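One structure is given here, and the rest of the page talks about it.
The values are calculated or read from the model by the stated rules, or taken from the named source; none is laboratory data. From a predicted model like this one, the values you see are computed outputs, not experimental measurements. FYI the Cβ positions are ideal-geometry reconstructions off the backbone, even for glycines, and counts take in every protein chain you see. Only protein heavy atoms, including side chains, enter the accessible area calculation; ligands, DNA and RNA are left aside. Shrake-Rupley method; radii C 1.70, N 1.55, O 1.52, S 1.80 Å.
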Amino acid sequence: MGDEKSPTKLEYYDHMGKLQSTATILSHFKGDDGREALILDRTIFYPQGGGQPADTGFLHIHGLDYKFVVNDVRSKDGIVFHYGLFENLGEKIGPTLEKGREVSLFVDESRRKLNSRLHSAGHLLDICLPRIGLGHLEPGKAYHFPDGPWVEYKGTVPQNEMQNKQKDLELEAKALISVGGKVSVQILPYDEAAKLCGGCLPDYVPKESTPRVVKIGDNPGCPCGGTHVADISDIVQIKVSQIRSKKGLTKVYYNV
């Protein structure tokens, strides 16, 4: 794999709307599953995680006619792995890319925008819950994939209230989308991040860390490493399809 141990610089952390960039190859190898993989010094590609799917796109290798199509991106111990294949090789063997070669990165815009809308919509539902009388629900897992996005909370909703709460939740989310509001990110010391997030952070955020806080409009922020829309209005529309409560947990299913 190579001996590169330095964390990959995540350019999307500060510039979520950036879809083109340049980087330097640190390592090129074939993984255990046979897929070609590239490690770069920096990336604008979001690696799958946090309930959000990975970006796709391609890399243009400077000085070569080959295009590296990125179909999966993963992160391990702070290092981002770009998995894919070389396009238009025919029967040729793929090139061996040496360390230090420059590449241009191109993220698929439509996929990034959809994933960012789905992710941001999940956070928007978090904001809406207290507004409709469900402030007792505590955020848990989330799944922001296009095939069936949902957010899960600790706590339950009485069966006889579910239908009304589903309608109220959708109406409240739509109202916030219609008004809009800037979405911003900041990387802050722990205490400052906690203050911006309403006074505390989840237990999984280390106290010695500098969390990345996403702020949706004028609402309290939340620690999150994903990509989001630039403005609440960019979510465009939302449909809350179902609310289910079972064994002390509530799932809210939605789509955009």
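Observations
Conditions (1) touching a residue at least 40 places away in the same chain (Cβ under 8 Å); (2) open to solvent by 10 Å² or more (accessible area, probe 1.4 Å); (3) of a type in the set (G, A, S), marked per residue:
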{"site": "L19", "(1), (2), (3)": "yes, yes, no"}
{"site": "T24", "(1), (2), (3)": "yes, yes, no"}
{"site": "I44", "(1), (2), (3)": "yes, no, no"}
{"site": "N71", "(1), (2), (3)": "no, yes, no"}
{"site": "F86", "(1), (2), (3)": "yes, yes, no"}
{"site": "E102", "(1), (2), (3)": "yes, yes, no"}
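- Meets criteria (basic (K, R), farther than 21 Å from I187 by Cβ and in contact with a strand residue (DSSP E or B) (Cβ under 9 Å, 6 or more places away or on another chain)) for R42: no
- Taking segment 127-145 as the range and being touching a strand residue (DSSP E or B) at 6+ places or on another chain (Cβ under 8 Å), buried (at least 20 other Cβ atoms within 10 Å of the Cβ) and of a type outside the set (A, V, I, L, M) as the test, only H144 passes.
- Extreme residue, surrounded by the most Cβ atoms within 10 Å (Cβ to Cβ), among residues of segment 26-42 that are without any contact (Cβ under 8 Å) to a residue 40 or more places away in the chain and assigned to a loop (DSSP other than H, G, I, E, B): D41
- Summed over segment 146-195, residues that are open to solvent by 30 Å² or more (accessible area, probe 1.4 Å), under 26 Å from D55 (Cα atoms) and either in a strand (DSSP E or B) or touching an Asp or Glu at 6+ places or on another chain (Cβ under 8 Å) (or both) total 6.
- Of all residues in segment 238-249, those being within 14 Å of P149 (Cα to Cα) and either out of contact with any strand residue (DSSP E or B) (no Cβ under 7 Å at 6 or more places or on another chain) or open to solvent by less than 50 Å² (accessible area, probe 1.4 Å) (or both) number 3.
- Of all the numbered requirements in (1) touching a Lys or Arg at 6+ places or on another chain (Cβ under 9 Å); (2) hydroxyl-bearing (S, T, Y); (3) within 18 Å of E11 (Cβ to Cβ), T210 misses one, and that requirement is (1).
- Among (1) touching a strand residue (DSSP E or B) at 6+ places or on another chain (Cβ under 7 Å); (2) modelled with pLDDT under 95, the one test that F106 misses: (2)
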